[in-house]
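The values are calculated or read from the model by the stated rules, or taken from the named source; none is laboratory data. Not measured: the values here are computed from a predicted model. Glycine also receives a Cβ, built like all others from the backbone with ideal geometry; neighbour counts cover every protein chain displayed. Just so you know, the surface numbers come from the protein's heavy atoms only, side chains and all, with ligands and any DNA or RNA stripped out. Shrake-Rupley method; radii C 1.70, N 1.55, O 1.52, S 1.80 Å.
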Amino acid sequence: MNVLEALKNRHSTRVYKPDPVAPEVIREIVEAANRAPSWANTQPWEVYVAGGATLDNLRKRYLENFQKEVPPHPDIALPTSWPEVHQERMFQLGAKRFAALGIARDDQEARRKTTEMNFNFFGAPHVVFLCMDRNLSPWSLFDLGSFAMSLMLAAQHKGLNTIPAVMLVAYPELIREELKIPENLSIVIGIALGYGDQENIHNHFVTPRRNIDEFLKLV
Ligand SMILES: Cc1cc2nc3c(=O)[nH]c(=O)nc-3n(C[C@H](O)[C@H](O)[C@H](O)COP(=O)(O)O)c2cc1C
């Protein structure tokens with residue numbers, strides 16, 4: 001697959017078919033992502049891919065927490081505020097996405113159902129949890145970002161879909177327990193992985209981008 005085409009076509013997929021991905025395909029995309037650059041080749045990524053009964057148990061516990069309205073508390077704390085311009089982009093994203101889904105602004109039940117999809121892991125057969133040693137600096141998050149994008153593009157090359165989502169790491173103590181992840185690792189991000197249900201309306205929305213002239217200075 002052409003890289004430019006892949007970059008243009010990648011988008012977050014929020015509804016999956018239940019079909020599992022063959023272990024050798026998972027290994028192949030992780031192998032490709034392992035070529036990501038990192039600070040002095042420190043390769044900070046520790047990768048756990050949950051599927052089958054392990055993911056089913058975790059999903060059940062996530063949905064229970066969602067029903068009980070347990071506030072998400074990822075290892076990397078959620079931001080408490082945003083600069084106005086970024087806040088506005090987030091608001092615009094929500095407004096456009098709900099409009100595309102035909103969900104009214106005041107339809108709290110439909111909005112709640114959409115949020116719940118996160119805690120159902122979007123129905124994906126696998127979730128990749130990217131972790132790193134707690135004692136690493138924020139620079140290593142940059143490396144994990146490179147790894148994540150490489151993994152998502154490699155997955156796309158193999159006909160798979162993905163979504164990186166902080167809500168997948170909303171309850172790190174549950175992930176730690178089910179996946180036996182040691183305390184010294186910070187669970188940074190989850191990436192749902194599988195074959196997207198392309199018929200589903202949730203997968204039709206394409207997010208807008210700023211015109212590059214708004215942020216690019218060719219000096
Ligand atoms: C660090 C990070 C966290 C995200 N968390 C969530 C999330 O919890 N739930 C969700 O539905 N999407 C989440 N997303 C997906 C973004 O909303 C999405 O990438 C963005 O709207 C751009 O859309 P696109 O990925 O389809 O291009 C997250 C993306 C990133 C990079």
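Can you tell which of Val169, Val127, Val188 is open to solvent by less than 60 Å² (accessible area, probe 1.4 Å), β-branched (Val, Ile, Thr), within 16 Å of the ligand (Cβ to nearest atom) and closer than 16 Å to Gly51 by Cβ?
Numbers: Val169 fails: closer than 16 Å to Gly51 by Cβ; Val188 fails: closer than 16 Å to Gly51 by Cβ.
The match here is Val127.
Name the residue that is surrounded by the fewest Cβ atoms within 10 Å (Cβ to Cβ), counting only residues in the range 191-219 that are closer than 30 Å to Asn135 by Cα and of a type outside the set (Val, Ile, Thr).
To start, the set of residues in the range 191-219 that are closer than 30 Å to Asn135 by Cα comprises 191-193.
Of the ones still in play, those that are also of a type outside the set (Val, Ile, Thr) are 192-193.
On the way: Ala192: 24, Leu193: 28.
The extreme case among them is Ala192.
Which members of the range 1-19 meet the condition of being surrounded by 15 or more Cβ atoms within 10 Å (Cβ to Cβ) and in contact with a Pro (Cβ under 7 Å, 6 or more places away or on another chain)?
Once the filter is applied, which keeps residues that are surrounded by 15 or more Cβ atoms within 10 Å (Cβ to Cβ) and in contact with a Pro (Cβ under 7 Å, 6 or more places away or on another chain), the range 1-19 yields only Tyr16.
When you check Met152 against the structure, is it under 23 Å from His73 (Cα atoms), open to solvent by less than 60 Å² (accessible area, probe 1.4 Å) and touching a residue at least 60 places away in the same chain (Cβ under 8 Å), yes or no? Give the derivation first.
Details: under 23 Å from His73 (Cα atoms): no; open to solvent by less than 60 Å² (accessible area, probe 1.4 Å): yes; touching a residue at least 60 places away in the same chain (Cβ under 8 Å): yes.
When the stated conditions are applied, Met152 does not pass them.
Out of the residues in the range 136-149 meeting the condition of being touching a residue at least 12 places away in the same chain (Cβ under 8 Å), surrounded by fewer than 20 Cβ atoms within 10 Å (Cβ to Cβ) and away from the ligand (no atom under 14 Å from the Cβ), tell me which one is farthest from Ala36 (Cα to Cα).
Among them, the one singled out is Leu136.
Which of the residues belonging to the range 31-50 are in contact with a Leu (Cβ under 9 Å, 6 or more places away or on another chain) and among the small types (Gly, Ala, Ser)?
Passing the criteria: Ala32, Ala33, Ala36, Ser38, Ala50.
Could you tell me how many of the residues in the range 49-79 are in contact (Cβ under 8 Å) with a residue 12 or more places away in the chain, open to solvent by 60 Å² or more (accessible area, probe 1.4 Å) and either closer than 23 Å to Ser137 by Cα or in contact with a Phe, Trp or Tyr (Cβ under 6 Å, 6 or more places away or on another chain) (or both)? Give the derivation first.
Quick first cut of the range 49-79, residues in contact (Cβ under 8 Å) with a residue 12 or more places away in the chain only: 49-52, 54-55, 57-59, 61-63, 65-66, 70, 72-76, 78.
With open to solvent by 60 Å² or more (accessible area, probe 1.4 Å) added as a condition, the list becomes 57, 61, 73, 76, 78.
Filter again for either closer than 23 Å to Ser137 by Cα or in contact with a Phe, Trp or Tyr (Cβ under 6 Å, 6 or more places away or on another chain) (or both), leaving 73, 76, 78.
Residues that pass the stated criteria total 3.
Answer with yes or no whether Trp82 is loosely packed, with under 13 Cβ neighbours inside 10 Å and under 30 Å from Glu28 (Cα atoms). Explain how you work it out, then say what you get.
Details: loosely packed, with under 13 Cβ neighbours inside 10 Å: yes; under 30 Å from Glu28 (Cα atoms): no.
Answer is no for this residue.
Among (1) open to solvent by less than 50 Å² (accessible area, probe 1.4 Å); (2) in a helix (DSSP H, G or I), there is one condition Glu31 misses while meeting the rest; what is its number?
Tallying (1) open to solvent by less than 50 Å² (accessible area, probe 1.4 Å); (2) in a helix (DSSP H, G or I), Glu31 fails exactly one: (1).
Given Pro72, Pro37, Pro23, which one is within 13 Å of the ligand (Cβ to nearest atom) and at pLDDT 95 or above? Show your work before the answer.
Details: Pro37 fails: within 13 Å of the ligand (Cβ to nearest atom); Pro23 fails: within 13 Å of the ligand (Cβ to nearest atom).
Testing whether each residue is within 13 Å of the ligand (Cβ to nearest atom) and at pLDDT 95 or above leaves just Pro72.
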